[in-house]
């Protein structure tokens, strides 16, 4: 029963993408990059949290089974420009097998051609292929990943990012941070490296 459901999810994920017809494939499982986050609030749970080490992005967790076949994930928007546009979609599948991952990669390759880069590790504890797209001033990427590393979302997942939107939020954040740093008198200096050696 698990395989038919997984294959149905593949169709759901890919049929809404325009492929190589000239448009960026911005829609994944019913979520569209660049759209206002307010229309997806019903699919989210818990508080909106600033992404660690990426303070210009805010992330909200998806409710379990918000999409059939998906066990979890998140939707991410910027927080500097004040536009609240969806910039990243992360989906984690119930089927965590490498066999399912290989089927998913084949579907992507058939639709979009060979991936543009390998983003996994050399030991293949994490296998990740990335496709990059651009049109006009917009750029986006899709990362399809399988992992057995417990710190790297074990199982099969997809991360789709509107890279141009993330870059715009980053530039906004850097400009604001520069002004705040000047107001504080500049960055503080390290007193001694000895403070940063474990004892």
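Here are the numbers for this structure:
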item: All-pairs Cα distance distribution in segment 84-199, expressed in whole percent, bin size 10 Å; result: 12, 29, 23, 21, 13, 2
item: Burial ranking of peptide ranges 50-57, 155-162, 65-72 (average Cβ count within 10 Å, highest at the top); result: 155-162, 65-72, 50-57
item: Cα-based shape type of segment 19-80, given that a ≥ b ≥ c are square roots of the gyration tensor eigenvalues and the cut on a/c is 1.5; result: oblate
item: Length-normalised contact order of segment 2-176 in % [C-alpha pairs under 8 Å, at least 6 apart]; result: 19
item: Among 188-196, 31-39, 163-171, the order from most to least packed when residues are scored by Cβ within 10 Å on average; result: 163-171, 31-39, 188-196
item: Share of pairwise Cα separations in segment 2-176, more than 27 Å, in percent; result: 24
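Laboratory data are not the source of any read-out in this text; all were calculated from the coordinates shown. Here the structure is a predicted model, which is why all the values come from computation and not from measurement. When we count neighbours, we look across all protein chains shown, and the Cβ atoms used for this are built from the backbone with ideal geometry, even at glycine.
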